[in-house]
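See structure below.
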């Protein structure tokens, strides 16, 4: 018995403690499969509900369907799941950078349900972000179950994201790249292998369960050198559309926030607007995968004018859905808008130069998608690899790189923050690994406080203080009230020097007459950035920390620098 | 607006060498290259906003806090006045009868000032020895417009519980509206009283004008 126990202990130890890479790979496979299943579940249920609702689309009240969906979705998120609306990707990024990837288990299904309600009823949004949220939350929950530390949990959150994206698009490398480029923000050796394996696992799951419904069937395209020049022009167009899309999304959300309607009324307004638009432009409904498929295969038949209108219709419909209370992501809308842009561009190109020799409409739809993804998310690699995998070949790589780099550079030039990061930057929550903001956010005031200070009474005579001064090393003496122990002020050696050198003053003054009461104080709730700001404004090196009128300790720039440097070494060292 | 390396170093609070290194390493938006780098204010503002860096274009922080106008001791003595031959028996009556003489305190406030002075004496005697005392309140008298130092000579020495147990015959009433002023006058006064020739000059009960002239000379020698 004891032999088995020992053996088990040994194996367990070896598996889970000595080599955490192996552990992460095994856990990563589980996370990849689970998030792949979540993605498949959402896709399948969306298919079913779309078919089920199809006959009702011809009734006059059909425009109310998206409104009902958005209403249910917002009520569900608000009352039952108690989570904020929106797409969830910024929340995942923030959780990764601030809380070591800690997400609630509830998030693994709540966004799936709410986005199912929104998109299934016809709201214009994508299922990717909810699936990413769900996959990350599954990763976080599995890490919690295994008792892993923050670093390992972050890897598993990345695995969940990668599995989800890989499963939805049947594109494992795109999943890997998206996870690292957008969610984690750092290319670390220990992360890449588990995430890559999770991505493959996710893709395999969707291939095994719904092979006939794979979003983009691999199909090759003939793209030649003559397409370079048109792709440069297309990239500029997609950059403009990306910026416009981001602006409209944010503006609409702002207007909705300012309006005095309750949440559910907002959702109804947003939903019915989309419903009414769908009567004239059916492309705006739902996540639009079917339209994308037909555009890639070149069977999409609409006049150039209608497609042109549809681009802006889709932009507006997505903004109305997401900004006014619906739930879902922007990935699918990006793809749809991108492919519409690509096709408009192709048609315009042919009407201007009928004799031009270039690739088919489908290829331009794909290029447009790359342009939009690179522009809106400012994630050029994700855009490139997604399309490379969809076309299953490297023939298109040159125009892809051209479009992707130009589009992301241009939109970065116009607006340096991508759609995902913008919210975080506005809230001061954009904390990429190895940055100043991240280190300052990680360091807690409690770690920096020096508490061993001799306190002096405000009614102490100066002569007595001089005696203390002779024997102690401190440069600062906190002054407190006699009865209450309240913090009153601080005595700095540098400011009282002239009195200390004048024995005639010793019996003439009390400490509350020479203490400095105007020194700004920090409290334990302040974060380090605020403390440093206070120091900068006052131009001082140390400030007292006061909590509930009680002196806690001093915080000094010397201590901050010391710990800051250690923290930087810890955070940037290679594991 | 164009900025030089030196200007920018002031705004960023680092030495020019650091600015040059940053410029060489491509970390700053450079407006003009060459031996002397030039920077553009607008570009810098954008760059600082993006990187969460504080730029002090407004010269704030460089300007020191405005100094409060400091009155000299001789001026304060002129404000306070010099009084001779005051009759009293003990600490409280000394303070009371001196205060009655001092003309620059509004009558309404005299009882308040007296209470504060008695309170201060009960905490610790202000008799600094050598027959001299510096009565003053612990809290400042915000109703006073100008700081004043009144010198009172007693007719007979009085037991003031001074630090050296000697009876006191000369009192410097130190009454100010601000703490800073109070500390300043106190330190100048303490400087003067350390001069033994000044103390013996005081004991000769000099003429007020001569006394103020003497204080003027002495305070000029004060290094602080």
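The values are calculated or read from the model by the stated rules, or taken from the named source; none is laboratory data. These numbers were taken from a predicted model, which means no experiment stands behind them. When we count neighbours, we look across all protein chains shown, and the Cβ atoms used for this are built from the backbone with ideal geometry, even at glycine.
Sort out which residues of the stretch B:124-140 are closer than 18 Å to residue A:514 by Cβ and more than 10 Å from chain A (Cβ to nearest Cβ), and write them in order of number.
B:137, the sole residue that qualifies.
Can you pull out every residue in the stretch A:458-476 that is away from chain B (no Cβ under 14 Å), surrounded by fewer than 16 Cβ atoms within 10 Å (Cβ to Cβ) and assigned to a helix (DSSP H, G or I)?
Listed by number, the residues that qualify are A:466, A:467, A:468, A:470, A:471.
Which helices (runs of 4 or more DSSP H) does the stretch B:168-221 wholly contain that include 3 or more residues that are more than 14 Å from chain A (Cβ to nearest Cβ) and farther than 14 Å from residue A:504 by Cα?
Per the criteria, B:196-203, B:208-221.
Do we find that residue B:104 is away from chain A (no Cβ under 14 Å), within 18 Å of residue B:73 (Cβ to Cβ) and either in a loop (DSSP other than H, G, I, E, B) or within 25 Å of the chain's Cα centre (by Cα) (or both) in this structure? Working first, answer last.
Working: away from chain A (no Cβ under 14 Å): yes; within 18 Å of residue B:73 (Cβ to Cβ): yes; either in a loop (DSSP other than H, G, I, E, B) or within 25 Å of the chain's Cα centre (by Cα) (or both): yes.
So residue B:104 fits the description; yes.
Does residue A:564 satisfy the condition of being under 35 Å from the mean Cα position of the chain (by Cα) and not in a loop (DSSP other than H, G, I, E, B)?
In short, yes.
Of the residues in the stretch A:416-426, how many are out of contact with any helix residue (DSSP H, G or I) (no Cβ under 6 Å at 6 or more places or on another chain) and touching a residue at least 60 places away in the same chain (Cβ under 8 Å)?
Adding up the residues that qualify gives 2.
Identify the single condition in (1) within 11 Å of chain B (Cβ to nearest Cβ); (2) under 16 Å from residue A:461 (Cα atoms) that residue A:481 does not satisfy, given that it satisfies every other one.
Here residue A:481 clears every test but (1).
Just give me the residues in the stretch A:507-537 being within 9 Å of chain B (Cβ to nearest Cβ) and within 41 Å of the chain's Cα centre (by Cα), in sequence order.
Listed by number, the residues that qualify are A:529, A:533, A:536, A:537.
Going by the structure shown, is residue A:421 buried (at least 16 other Cβ atoms within 10 Å of the Cβ), at negative phi, within 14 Å of chain B (Cβ to nearest Cβ) and not in a helix (DSSP H, G or I)?
Against the criterion (buried (at least 16 other Cβ atoms within 10 Å of the Cβ), at negative phi, within 14 Å of chain B (Cβ to nearest Cβ) and not in a helix (DSSP H, G or I)), residue A:421 does not qualify.
Out of all the residues in the stretch A:450-457, is one or more touching a strand residue (DSSP E or B) at 6+ places or on another chain (Cβ under 8 Å), surrounded by fewer than 19 Cβ atoms within 10 Å (Cβ to Cβ) and within 14 Å of another protein chain (Cβ to nearest Cβ)?
Taking every residue of the stretch A:450-457 in turn, at least one turns out to be touching a strand residue (DSSP E or B) at 6+ places or on another chain (Cβ under 8 Å), surrounded by fewer than 19 Cβ atoms within 10 Å (Cβ to Cβ) and within 14 Å of another protein chain (Cβ to nearest Cβ).
Anything in the stretch A:492-506 that is within 7 Å of chain B (Cβ to nearest Cβ) and either part of a helix (DSSP H, G or I) or in contact (Cβ under 8 Å) with a residue 12 or more places away in the chain (or both)? List them, or say none.
A:498, A:499, A:504, A:505
Whether any residue in the stretch A:297-311 is surrounded by 16 or more Cβ atoms within 10 Å (Cβ to Cβ) and closer than 22 Å to residue A:168 by Cβ is what I want to check.
Checked the stretch A:297-311: at least one residue is surrounded by 16 or more Cβ atoms within 10 Å (Cβ to Cβ) and closer than 22 Å to residue A:168 by Cβ.
Within the stretch B:130-160, which residues are surrounded by fewer than 19 Cβ atoms within 10 Å (Cβ to Cβ) and out of contact with any helix residue (DSSP H, G or I) (no Cβ under 7 Å at 6 or more places or on another chain)?
The answer is B:142, B:145, B:153, B:155, B:156, B:157, B:159.
Do you know which of the residues in the stretch B:42-53 that are more than 13 Å from chain A (Cβ to nearest Cβ) and surrounded by fewer than 16 Cβ atoms within 10 Å (Cβ to Cβ) is nearest to residue A:422 (Cα to Cα)?
B:45
Quick check on my filter: what residues within the stretch A:290-315 are in a helix (DSSP H, G or I) and touching a helix residue (DSSP H, G or I) at 6+ places or on another chain (Cβ under 7 Å)? Show your work before the answer.
Let us first name the residues in the stretch A:290-315 that are in a helix (DSSP H, G or I), namely A:290-296, A:304-315.
Once the filter is applied, which keeps residues that are in a helix (DSSP H, G or I) and touching a helix residue (DSSP H, G or I) at 6+ places or on another chain (Cβ under 7 Å), the stretch A:290-315 yields A:291, A:292, A:295, A:296, A:304, A:307, A:308, A:310, A:311, A:313, A:314, A:315.
Given the options A:515, A:520, A:554, name the one that is crowded, with 19+ Cβ neighbours inside 10 Å and over 30 Å from residue B:128 (Cα atoms). Steps first, answer last, please.
Values: A:515 fails: over 30 Å from residue B:128 (Cα atoms); A:520 fails: crowded, with 19+ Cβ neighbours inside 10 Å.
Result: A:554 is the single residue among A:515, A:520, A:554 that is crowded, with 19+ Cβ neighbours inside 10 Å and over 30 Å from residue B:128 (Cα atoms).
Among the numbered conditions (1) assigned to a loop (DSSP other than H, G, I, E, B); (2) away from every other protein chain (no Cβ under 14 Å); (3) touching a strand residue (DSSP E or B) at 6+ places or on another chain (Cβ under 8 Å), tell me where residue B:164 comes up short.
(2)
Would you mind stating whether residue A:381 is modelled with pLDDT of 85 or more, surrounded by fewer than 22 Cβ atoms within 10 Å (Cβ to Cβ), under 21 Å from the mean Cα position of the chain (by Cα) and not in a loop (DSSP other than H, G, I, E, B)?
Working: modelled with pLDDT of 85 or more: yes; surrounded by fewer than 22 Cβ atoms within 10 Å (Cβ to Cβ): yes; under 21 Å from the mean Cα position of the chain (by Cα): yes; not in a loop (DSSP other than H, G, I, E, B): yes.
Judged against the criteria, residue A:381 is a match.
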